[in-house]
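Take a look at the structure below.
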Amino acid sequence: MPEKRYLVTPGPTPVPPQVLAATAQPMIHHRSPDFRGTLERVLERLASVFRTENELLLFTSAGTAAMEGTIANLCSPGDRVLAVSHGYFGERWAAIARGYSCEVEHLRYEWGETPGADEIAARLEAAGGARVVLLTHSETSTGVVSDVQSIAERLAGSDTLVAVDAISSLAAVPLETDAWGIDVCLTSSHKALMSPPGLAFAAVSADAFEASRTATCPRYYMDWERTRAAQEKGENPFSPAISLILGLDVALGLILEEGLEAAHERHVRLGRACRAGAQAMGLELFSPDEDRSAVVTAIRMPAEIDGSAIVLFMRERSGVTAIGGQGQLKGKLVRIGHIGYVDVFDVTTALAALELALVEAGADVERSAAVTAALDAHAEPVSV
């Protein structure tokens with residue numbers, strides 16, 4: 001295994017050294033004045049990244065716990081929910097809702113397809129409405145970033161709440177929680193927020209909080225009202241991951257210093273570079289070839305090549321950790337993430353490692369073209 005390592009997965013993502021340094025600070029108490037100041041600042045900064053004036057809730061958990069908390073806080077057993085899935089994580093929404101005895105109306109798209117606002121509205125009407133529509137903004141299993149804005153705007157004025165898994169998309173691609181009418185928007189620390197895993201966040205609208213007061217699904221640790229009440233006092237209801245919050249404070253400062261628009265443009269350039277490099281090798285994309293697909297590039301492997309073996313070779317030979325396909329796509333894809341603390345040289349290194357692995361596996365790929373194509377694509381101006 002090479003000493004130099006590169007992490008190009010859609011989560012966890014590389015963490016800036018100053019963020020890592022902050023997590024190594026001496027321990028402080030979570031009910032002390034110094035921590036209260038940090039927590040207040042983190043919540044304010046998160047609100048700026050979420051583009052929201054809604055209540056911002058912080059949990060020591062994975063993003064999946066925040067998804068589960070959304071169902072637990074919004075629903076009662078037997079409530080109808082509309083789960084829209086177009087990949088692995090959309091299926092997770094549906095599974096969580098079933099686990100809480102909801103009546104799941106499941107609108108399934110083929111993996112790799114992009115959900116349509118009119119189709120979702122029609123399915124909702126045919127079902128007779130629903131308590132909540134569950135959406136995935138960035139489906140990292142396929143590389144698809146859906147048009148959540150048009151979906152939420154299409155559902156505006158209905159009695160249905162809109163909950164969005166933005167776990168890998170927030171701070172990487174445009175997302176306007178309030179302007180788009182999203183009732184619950186979720187993310188976690190270890191994606192584009194450039195922090196270690198272990199924190200999750202929910203931006204919750206007044207309508208969603210009101211709905212939670214009548215919901216009867218059991219909840220305790222992820223209870224929104226308990227968390228909000230504690231945060232109003234500058235605290236968490238339970239012992240939080242203090243060191244992670246200290247690091248997140250620094251990471252959010254870096255993101256806001258760069259500016260969200262600049263961060264979005266940077267991710268567009270990285271997505272273009274990765275797609276161009278893969279295509280220059282003669283490989284076929286699974287994820288869409290569009291600027292919105294700026295979180296992860298999913299690349300089809302030649303039919304005779306095992307994508308899982310390619311990922312392992314890239315790690316063992318080149319020190320590059322990419323990721324293979326999930327679920328029904330296992331062994332068929334290699335996915336390269338390019339969010340957070342990533343630059344174009346991380347992308348070109350990953351492409352070079354992929355080329356080397358494919359050549360060693362006997363694939364017929366174009367040699368020495370990927371890096372040049374990636375750098376050329378990255379240099380192209382981004383229209384705003």
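The values are calculated or read from the model by the stated rules, or taken from the named source; none is laboratory data. It should be emphasised that the depicted structure is a prediction, and the values quoted were computed from it without experimental measurement. Virtual Cβ from ideal backbone geometry, glycine too; neighbours counted across all protein chains shown.
Hey, does the range 87-103 have a residue that's of a type outside the set (S, T, Y) and more than 26 Å from Y221 (Cβ to Cβ)? Reasoning before the result, please.
Here is the first cut: in the range 87-103, the ones of a type outside the set (S, T, Y) are 87, 89-99, 102-103.
Next, only the ones that are more than 26 Å from Y221 (Cβ to Cβ) stay: 87.
Yes; the residues of the range 87-103 include at least one that is of a type outside the set (S, T, Y) and more than 26 Å from Y221 (Cβ to Cβ).
Give the residue that is surrounded by the most Cβ atoms within 10 Å (Cβ to Cβ), with candidates limited to residues of the range 4-31 that are part of a loop (DSSP other than H, G, I, E, B) and in contact with a Leu (Cβ under 7 Å, 6 or more places away or on another chain). Break it down into steps so the answer makes sense when it comes.
From the range 4-31, those part of a loop (DSSP other than H, G, I, E, B) are 4-5, 8-16, 24-31; that's our starting set.
Now drop any that are not in contact with a Leu (Cβ under 7 Å, 6 or more places away or on another chain), which leaves 13-14, 16, 25.
On the way: T13: 25, P14: 20, P16: 16, Q25: 11.
Out of the qualifying residues, it is T13.
The condition of being in the same structural domain as T38 (by TED's automatic domain parsing), surrounded by fewer than 23 Cβ atoms within 10 Å (Cβ to Cβ), closer than 30 Å to G325 by Cβ and not acidic (D, E) holds for P196.
Selection of the range 222-252 for residues being touching a Leu at 6+ places or on another chain (Cβ under 8 Å) and either buried (at least 18 other Cβ atoms within 10 Å of the Cβ) or not assigned by TED's automatic domain parsing to the domain that holds C75 (or both) yields W224, T227, Q231, N236, P240, A241, L244, I245, G247, L248, A251, L252. Of all residues in the range 51-95, those that are over 23 Å from S287 (Cβ atoms), of a type in the set (V, I, T) and either crowded, with 21+ Cβ neighbours inside 10 Å or in the same structural domain as Q326 (by TED's automatic domain parsing) (or both) total 3.
From the list A309, A303, the lone residue that is in the same structural domain as A374 (by TED's automatic domain parsing), touching a residue at least 40 places away in the same chain (Cβ under 8 Å) and more than 23 Å from L175 (Cβ to Cβ) is A309. When L39 is tested against (1) free of Cβ contacts under 8 Å to residues at least 60 places away in the same chain; (2) in contact with an Asp or Glu (Cβ under 9 Å, 6 or more places away or on another chain), exactly one condition is not met: (1).
Looking only at residues of the range 353-369 that are of a type in the set (D, E) and not in a helix (DSSP H, G or I), we find that the one that is nearest to R269 (Cα to Cα) is E366.
Quick one: is I255 crowded, with 24+ Cβ neighbours inside 10 Å and modelled with pLDDT of 95 or more?
On the way: crowded, with 24+ Cβ neighbours inside 10 Å: no; modelled with pLDDT of 95 or more: yes.
Against the criterion (crowded, with 24+ Cβ neighbours inside 10 Å and modelled with pLDDT of 95 or more), I255 does not qualify.
Given the residues A309, A377, A350, which is the only one that is closer than 25 Å to G112 by Cα, touching a strand residue (DSSP E or B) at 6+ places or on another chain (Cβ under 7 Å) and outside any loop (DSSP other than H, G, I, E, B)? Steps first, answer last, please.
Numbers: A309 fails: touching a strand residue (DSSP E or B) at 6+ places or on another chain (Cβ under 7 Å); A377 fails: touching a strand residue (DSSP E or B) at 6+ places or on another chain (Cβ under 7 Å).
It is A350.
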